[in-house]
1. Give, rounded to the nearest 20 debye, the magnitude of the charge dipole that segment B:2-135 has about its Cα centre when Lys and Arg contribute +1 at Cβ and Asp and Glu contribute -1 at Cβ.
2. Using a Cα-Cα cut-off of under 22 Å, which lysines could be cross-linked to residue B:23, ignoring same-chain neighbours fewer than 8 residues away?
3. Gaussian network model of chain B, Cα springs within a sub-10 Å range: biggest mean-square fluctuation belongs to which of B:89, B:76, B:107?
4. Considering only protein heavy atoms, with the full assembly of protein chains and a 1.4 angstrom probe, order A:31, A:97 by accessible area, largest first.
5. Cα centroid distance between segment B:52-93 and segment A:1-38, in Å?
6. Once the convex hull of the C-alpha atoms of segment B:2-135 is built, how many Å³ does it hold per residue, rounded to a whole number?
7. What does the net charge come to around residue A:94 if you take all other residues with beta carbon closer than 13 Å to its beta carbon, with K and R at +1 and D and E at -1?
8. Considering only the other residues whose Cβ falls under 9 Å of the Cβ of residue B:5, what net charge follows from Lys and Arg at +1 and Asp and Glu at -1?
Amino acid sequence: MKIPLLMQLLEARLVCGDAENHRIIEHAFASDLMSDVLTLDACSPLLITGLSNVQTIRTAEMADIHTVLLARGKKATPEMIALAHQNDMVMLETPYSIFKTSGILYQHGVKPVY
Amino acid sequence: MTFTYEIEGGNFSRAGTASSDIKKALKQLDLDYTIIKRVVVSLYEAEVNIVAHARRGTLTADIDPDRIVMVLDDQGPGIPDIDAAMTAGFSTASSRVREMGFGAGMGLPNIKKNADSLNIQSTVGVGTRLEIVVNF
């Protein structure tokens, strides 16, 4: 799924990154627990999370995740945006819950990591 | 090539900066993607552990042609029962650490999973030393 379609489906707002030229989202993983994110072997899923702090982005960097979607109406901090920008990530915000977000993406072909 | 960093306990804004630097250095070496990921995930978990539990610590990473040896020494409470700490789900983390998305008792088991060798020495009331080796 391309980022512009994801934004349309989830009423998501682009916080940083290049939505038009970003990689296609094939897999997604939802968690508020960064320790779980660090156990993933899969390559570059979309991270859906309600955890909004700088360690969310740092964890994404370590796990080679290039796209982060903050759900439940959570807002990115300036520190998060700066770090995401430094790592060429796309970061988005949606007012939808993690459950609703995951359901919509799954319905439109985005696969789970496991 | 040797890298040394000081790590400040409790400072979550800076947690991961050393791991990030080492990741950038490893990417210059044309190593396999999965090796780099194993190194940085284990290093980041260990770095976050110092920030979460200790007063301060030092991280030294020695990169050789065939492996990386990472030593993390901290001044902190130490680990009373290393076997328990290696059990997935065992945690003594504070609520603040949990709010940052960690403290679920998965750090040390995840380091072990990603490392070729993990050695832990700890003295209660003094500190903990981790030696993590990943072969290239």
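1. Dipole size: approximately 380 debye.
2. Straight-line reach from residue B:23, under 22 Å: B:37, B:112, B:113.
3. Judging by the Gaussian network model, the answer is B:89.
4. A:97, A:31
5. 33 Å
6. Given the Cα convex hull of segment B:2-135, per-residue volume reads 94 Å³.
7. With Lys, Arg at +1 and Asp, Glu at -1, the neighbours total +3.
8. Summing Lys/Arg as +1 and Asp/Glu as -1 gives -3.
The values are calculated or read from the model by the stated rules, or taken from the named source; none is laboratory data. If you're wondering where the values come from, they're calculated on a predicted model, not measured in any experiment. FYI the Cβ positions are ideal-geometry reconstructions off the backbone, even for glycines, and counts take in every protein chain you see. In case anyone asks, the SASA skips ligands and DNA or RNA and just uses the protein heavy atoms, side chains included. Shrake-Rupley method; radii C 1.70, N 1.55, O 1.52, S 1.80 Å.
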